[in-house]
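Data first, discussion second: the structure below is written as structure tokens.
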Amino acid sequence: MKNLKVKNTCVFVFRLSILLIIVGCFSLSSCKQNIFKDKDQLITYLQNNENTYIQHKTINGVDFSLMYKPTDLMVSQELGDSASAKEILELRDKYSKYMYFNLSMSKNHQELLSTIPNNRSEFGAMVNQLAFGMNGKVHVFTQHNDTIEMIDFIYPRMYGMSRSTSMMFVYPRDEKTLDDKYLNFSIEDLGLGTGEVKFKIESKKIKDEPQLKFEI
């Protein structure tokens, strides 16, 4: 009987060890998948629909794409050819206080300004809306309908040289807010006949955002 107990204990310990090894390997594998050696690899990962960092909708012929932009992608845009560990740390601290969302809109694979306005007056009104009025048209709110105030938005004019109208929206990052399962990203109708367009962003995707392995 004693030998049987010892044997059962050994089997239990062995199985537990195997389970811990599997869990450990899975954790290491997951970490490796979320750290990329360069910006191009990270962007490819973000643009892969299966990873759900980018979402697409087409309404009334207008294509919408929304992508969450991780902290390290912002950091990489500011770093020079060579960077110190201190500089990387400071920039990560600077950008990690906010959430960044890239919104792209197009019709017939062209910028909105190239396809939507029918005359000069409509063109001017749309330029004014895109350049100065998007803070009143785009909203982010929690699962419990608490609004997150926009910090800023950036609209670079491409003058017909791009295939879409792309903008970046900046919001404060609050870990308490991210305790909700998801955030809502809403775009009011911009006069495109689309009605309100909504996206849901999983909070865990922001909390566990991918990173870059910076060369020092």
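Every read-out reported here was derived from the displayed coordinates using simple, explicitly stated rules and does not represent laboratory data. Since the structure is predicted, the reported quantities are computational estimates derived from the model, not experimental observations. Every residue, glycine among them, receives a Cβ derived from its backbone with ideal geometry; neighbour counts consider all protein chains shown.
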**Asked** Which net charge results for the neighbourhood of L212, defined as the other residues with beta-carbon distances under 12 angstrom from its beta-carbon, given Lys and Arg at +1 and Asp and Glu at -1?
**Response** -1
**Complete:** Env charge @ D189, Cβ radius under 9 Å, K,R +1 / D,E -1, value -1
**Request:** Using a cut-off of under 20 Å, list every residue of segment 188-216 whose amide N is near the label point 7 Å from the Cα of D40 along the Cα-to-beta-carbon line.
**Result:** 211-216
**Prompt:** Past the 28 Å Cα-Cα mark, which pairs from K37/K198; K37/K107; K94/K207; K107/K137; K107/K176; K39/K97?
**Reply:** K37/K198; K37/K107; K107/K176
**Prompt:** Calculated FRET efficiency, S84 and D152, Cβ-Cβ r, R0 25 Å, to nearest 0.05?
**Reply:** 0.35
**Message:** What are the equivalent ellipsoid semi-axes of segment 155-216, built from the alpha-carbon gyration tensor (square roots of five times its eigenvalues), in whole angstrom, biggest first?
**Reply:** 27, 21, 9
**Asked** Among I151, I201, which comes first, then next, by fewest other beta-carbon atoms within 10 Å?
**Response** I151, I201
**Asked** Quick one: length gained pulling K94 to Q77 fully straight, 0.36 nm per residue minus the C-alpha distance?
**Response** 4.8 nm
**Asked** How much length is gained on full extension from F132 to D208, taking 0.36 nm per residue of separation minus their Cα-Cα distance?
**Response** 24.1 nm
